[in-house]
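All of the numbers you see were taken from the coordinates with simple rules; none came from a lab. This one's a predicted model, so the numbers in the text were calculated from it and none came from an experiment. Heads up, the Cβs are rebuilt from the backbone with ideal geometry, glycines too, and the neighbour counts pull from every protein chain shown.
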Ligand SMILES: Nc1nc2c([nH]c(=O)n2[C@H]2C[C@H](O)[C@@H](COP(=O)(O)OP(=O)(O)OP(=O)(O)O)O2)c(=O)[nH]1
Ligand SMILES: [Mg+2]
């Protein structure tokens, strides 16, 4: 028998934004809603007709008010939560200009690779952090 899954599937562009001090910009999701209060790498849903690179640049302008350069692909993760499947396409990015502001999140912070383990991330992020550490 073929099971047709009806859980929603979100295609997400995700940015690992580096500054010149080898720090990464992370944001804390708002307390209400899915995965509320957890930290994440900024990003969001791809729109029709967009490439992943365009999606990442747009989301970062909308969410943080900054300009970035989207660089190499790091990893793509397909993860199924209880009621949601996500495909996270993650790129290294470089901070270019502007002052990061928490426009759509609770808080933002520049952290080093070693400091990432002090923050609670969604389950799928374990693989992103492992990939970052092994490419460092
Ligand atoms: N941006 C981002 N999303 C992540 C990460 N890890 C992870 O599991 N996700 C999940 C959380 C969300 O379900 C989805 C991101 O989608 P989103 O930010 O556009 O959507 P959302 O749930 O905040 O809200 P909505 O726009 O659907 O209302 O991917 C991560 O590191 N960064
Ligand atoms: Mg988002």
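Residue 101 meets the conditions (1) closer than 16 Å to residue 23 by Cα; (2) away from ligand 2 (no atom under 14 Å from the Cβ); (3) touching a strand residue (DSSP E or B) at 6+ places or on another chain (Cβ under 9 Å) in every case but one. The failed one is (1).
Among residues belonging to segment 56-66 that are more than 12 Å from ligand 1 (Cβ to nearest atom) and without any contact (Cβ under 8 Å) to a residue 24 or more places away in the chain, point out the one that is nearest to the chain's Cα centre (by Cα). Ranking the candidates gives 57 first. Selection over segment 95-117 of residues that are part of a strand (DSSP E or B) and loosely packed, with under 13 Cβ neighbours inside 10 Å gives a count of 3. Within segment 84-94, being within 10 Å of ligand 1 (Cβ to nearest atom) and surrounded by fewer than 20 Cβ atoms within 10 Å (Cβ to Cβ) holds for 84, 85, 86, 87. Among the residues of segment 11-28, the ones that are within 14 Å of ligand 2 (Cβ to nearest atom) and over 22 Å from residue 73 (Cβ atoms) come to 1 in all. With respect to residue 130, determine if the residue is within 15 Å of ligand 2 (Cβ to nearest atom) and under 25 Å from residue 10 (Cα atoms). So residue 130 does not fit the description; no.
Which one of 26, 77, 12 is within 12 Å of the chain's Cα centre (by Cα) and closer than 20 Å to residue 111 by Cα? Can you show your working first?
Details: 77 fails: closer than 20 Å to residue 111 by Cα; 12 fails: closer than 20 Å to residue 111 by Cα.
Being within 12 Å of the chain's Cα centre (by Cα) and closer than 20 Å to residue 111 by Cα holds for just one of 26, 77, 12, which is 26.
Scanning segment 29-55 for residues that are away from ligand 2 (no atom under 16 Å from the Cβ) and within 14 Å of the chain's Cα centre (by Cα) yields a single hit, 53.
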